[in-house]
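Participant: Here it is, the structure, as structure tokens.
The values are calculated or read from the model by the stated rules, or taken from the named source; none is laboratory data. All figures in this text were calculated on a predicted structure; none of them were measured in a lab. For neighbour counting, all protein chains shown are included, and Cβ atoms are generated from backbone atoms with ideal geometry for every residue, glycine included. Calculation scope for accessible area: heavy atoms of the full protein, side chains included, ligands and nucleic acids excluded. Shrake-Rupley method; radii C 1.70, N 1.55, O 1.52, S 1.80 Å.
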Amino acid sequence: MTPPDPPSPSRERSRDLLRSLLRTLTAAERMETAAYVALSLGAALAGSVAAVLLVPLVQPRHALAFGGALFDARRGVDAQAAIFAAAMTSFALLRWQAARLGARLVGRYGMSLRRRVHARLIEAPLTSLADATSAEIANVLTHNVELIVQGFSALQQLLVAGVTAAVSLAFAFWVSPPLMLAAPLFAALGLLAARACGREQSRVSRQYVVDMTQLFWHSEDFPRRLRHVRSFEKEAIEKASYSAISARLGHGYRRQLELVASGRLLLELLAAAGIAAMFVLAHRWRGIDQGSLVAVCLLLGRLLPYLVSTRQSFQQLRSAAPAFALWQRYMRLDADRSPIAPSRRMAYRGDALHVERMRWTPPSSGLTVTDLTLAPGELTLVCGDSGIGKSSLVDVLAGMTRPETFIARVGGTPIGFDEYRELVRRGAYVGQSVRPWQHSVRECLRWAAPDATDEALRSALRDVGLDRRLADSQQGLDTALHSASSRLSGGELQRLLLAQVILRQPFLALLDEATSALDAASENAVLCALKRRLPQTILIVVSHRPGVSAIADQCLTISGDPVTTVAAKALLRSTALQP
């Protein structure tokens, strides 16, 4: 006996895609999908019954070879027309309700995919994002999910097409075998349906593009921006803001599908009324005797729009397969932070933080820092060649990357890295390339300090030297950040982010090239203002400019030498870095 041929790779991929899609559905969504299929089946049955009901209309008092009481030819034409119109109305309403349910499913499914992958990225360890580009992450959060949603919608359409085809063909065979004699008389209705509610569809589509653009701004340069968000403890606000935009996108996508369904409902109701009226008038004035053939033509004509859309649906499913694989890859990222048990949390009393030994990678050879003391109100300068490991050190000190070795104490109390990370959780991390994503200056500053008064906002802007720039603007604190007429320069945007740090009043502030767009004199002036305004903050600054050492309390220089020392004012401390 010859063994069966193994399934083709494309078929296996299709099955895997379907199984994976089903696994992403919640139990409630699966129940709604079953209801969607049931409604589609009911609509297909009602539509086929309506088509067959045409036979007693066009051949009154003629004995039928099929059917029962429903198709009784002895019933009057007016009664038959009323039954036909009722059947068509039932079909249209069932199909409309199924489309509305499908639209809600698709909109909610897209919103769920975006929320889940964004939440996973917010909680992901920075090391797992090291090889990911900002463009790829932005794609995962925006267009990639859109492709998956389109594939899910295409799957719905294929289910409807399959159910409708099976029911219509069964009825057609039952009514009259010579199916090839029927012609698709109403194929042109598909073009008319596309024009229904065109003005609102255009408006909804434009708003959809606006929301998608805003979503991209939320997703741009994610790894650097993630440090900023975490250090200010704004994960919850970020998730809420992202969820709000995702909800608007879900509503827009749902509304587009509902408008299509409403246009189709209008056409089908008009067609039902028109066909009923046409046969009533034809019987009373001339009459025709081609009922069975017309019924078959209608049955098969109903399939034409689905035949046209099936090819597009399969194309959308094929496009969704790689998009879904990329989404799954990011969903497999582990969470970075686990909550600290209350019994392990320690009360901080303003003592200096002493790191006895800490080792981390990258760079590939690893670096070890020993005997590093970080005191509130003091500035530690970190300098060294590009790529030597400065940003990696800052990630460890920010509590965002777990080192290989960590031995530290606060006062006389030893702490592990989990306790250290909880200690520095109230932090502020500002990177070189982070751009504010809020709309205005006020919104940007209130993101860091929601309860701050306008006077507090203006005071922070004065400290960073941005008050004069805003004094020239009529909008003041409401100056738009990305408007062509009021766009801030790179240096002004960095000053704005440093004002966030002042308002935050963090335990630990890490500035990774956060003053690179300022000139040397402005950089020193702003850093001195930060030291003055943040007396209880440990301030760590990464900079290539040697002039910063004049205001630093200690300087940590990372180089390729076997032993690198840290110079401190008055030789108060010394720290060794060993590769």
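Participant: Expected output is a single nm value to one decimal: the length gained when fully extending between Gln328 and Arg468, i.e. 0.36 nm times separation in residues minus the C-alpha distance. What is it?
Facilitator: Result: 45.5 nm gained on full extension.
Participant: Please compute the Cα-Cα pair-distance distribution of region 380-435 with 5 Å bins starting at 0, giving whole percents from short to long.
Facilitator: Final binned percentages: 4, 15, 24, 24, 18, 10, 4, 1, 0.
Participant: Work out the FRET efficiency for Thr405 and Met31 from their Cβ-Cβ distance, taking R0 = 60 Å, and round it to the nearest 0.05.
Facilitator: The computed FRET efficiency comes out at 0.70.
Participant: Okay, next question. Considering only protein heavy atoms, with the full assembly of protein chains and a 1.4 angstrom probe, order Glu513, Glu32, Glu443 by accessible area, largest first.
Facilitator: Largest accessible area first, the list is Glu443, Glu32, Glu513.
Participant: Can you give the FRET efficiency to the nearest 0.05 for Thr368 and Gln475, using r as the Cβ-Cβ distance and R₀ = 56 Å?
Facilitator: Using R0 = 56 Å, I get an efficiency of 0.65.
Participant: Dividing the alpha-carbon Rg of region 109-164 by 2.2 N^0.38 Å yields what?
Facilitator: The reported ratio for this selection is 1.48.
Participant: Also, I was wondering about something else. Any idea how far apart Ala170 and Thr89 come out in nm if each label point goes 7 Å out from Cα toward Cβ?
Facilitator: Each label point lies 7 Å from its Cα, and together they span 2.6 nm.
Participant: Let me ask something else about it. For Arg19 and His143, what is the calculated FRET efficiency with R₀ set at 25 Å and r taken between the beta-carbons, to the nearest 0.05?
Facilitator: According to the calculation, E is roughly 0.55.
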